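What follows is a set of notes on a single structure, which appears directly below.
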Amino acid sequence: MPATTYLASRRWIGGVALAALGLIAGACGGDDGDVAAPTSTTTTTSDSGGNVVEIELVAFKPERITIAAGDTVVWKQNDAGAHTVTSGTVEQGGAGVTQQPDQRFDSGDIPTGKSFEFSFPEPGTYPYFCRLHPATMRGEVEVR
C-alpha cells in the first residue's frame, strides 16, 4: 500500500475512533441530580417563528442566541432519537462529565419532530445542555 494511502486510512480510522469516544463519553455522563418539572413550557409540533434553535447532528444550532426579556425560545428536534434541553452547566475533567442542572427548565426527552418552548422573563445568561449528550451538546441563551 502506498504511504499516502496508508496515512490517509490511518487518519480516517483515528477520526472515527475519536468520534466514537465522544459519543461514549456523552452517554456516560455524571449524576443528573434532581431536576424540577418545567413550569412555563410546552412540547409541541407547531412553528413559533423568531427565536428558534435547531437540534440536529447532535448539536444546538445556533449554540448561543440573544433575545429580549419576555421572549420565547423554541428548540426544534430534528435528529433521530431523543434529546433534552436542560438548564445548567456541565463540567468535564479527570472524573468524567458532571452535569449540574440548575432547575430553571428541563424539557424531558424530546422525540424527533417535536419541539420545546421556554419563555425568559428576566435578563441574564442561561446555559443549557442535553442530558443524553452532555459532553458535546451545550448552548446558551442571553436575555437582555
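The values are calculated or read from the model by the stated rules, or taken from the named source; none is laboratory data. Small disclaimer: the values here were computed from a predicted structure and weren't measured. Neighbour counts run over all protein chains shown; Cβ positions are idealised from the backbone, glycine included.
I need the full set of residues from the range 85-99 which are surrounded by fewer than 17 Cβ atoms within 10 Å (Cβ to Cβ) and not charged (D, E, K, R), in order please. Scanning the range 85-99 gives THR89, GLN92, GLY93, GLY94, ALA95, GLY96, THR98.
Each row is one residue, and each column tells you yes or no for (1) part of a strand (DSSP E or B); (2) among the hydroxyl-bearing types (Ser, Thr, Tyr); (3) at pLDDT below 95; (4) within 19 Å of ASN51 (Cβ to Cβ).
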site: GLN92; (1), (2), (3), (4): yes, no, yes, no
site: VAL97; (1), (2), (3), (4): yes, no, yes, no
site: GLY108; (1), (2), (3), (4): no, no, no, no
site: GLU117; (1), (2), (3), (4): yes, no, no, yes
site: LEU132; (1), (2), (3), (4): no, no, no, no
site: VAL141; (1), (2), (3), (4): yes, no, no, yes
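Pairs under 7 Å by beta carbon, first residue at negative phi and modelled with pLDDT under 95 in the range 39-66, partner surrounded by 11 or more Cβ atoms within 10 Å (Cβ to Cβ) and of a type in the set (A, V, I, L, M, F, W, C), six or more apart or different chains? Close Cβ pairs satisfying both conditions: SER40/PHE118; THR41/PHE105; THR41/PHE116; THR41/PHE118; THR43/ILE110; THR43/PHE116; SER48/VAL74. Residues in the range 75-90 that are in contact with a Cys (Cβ under 9 Å, 6 or more places away or on another chain) and closer than 16 Å to ILE65 by Cα: VAL85, THR86. When PRO121 is tested against (1) within 12 Å of ILE55 (Cβ to Cβ); (2) more than 11 Å from the chain's Cα centre (by Cα); (3) outside any strand (DSSP E or B), only condition (1) is not met. Restricting THR136, THR72, THR112 to residues that are modelled with pLDDT of 95 or more, more than 13 Å from VAL53 (Cα to Cα), of a type in the set (Ser, Thr, Tyr) and surrounded by fewer than 19 Cβ atoms within 10 Å (Cβ to Cβ) narrows the list to THR112.
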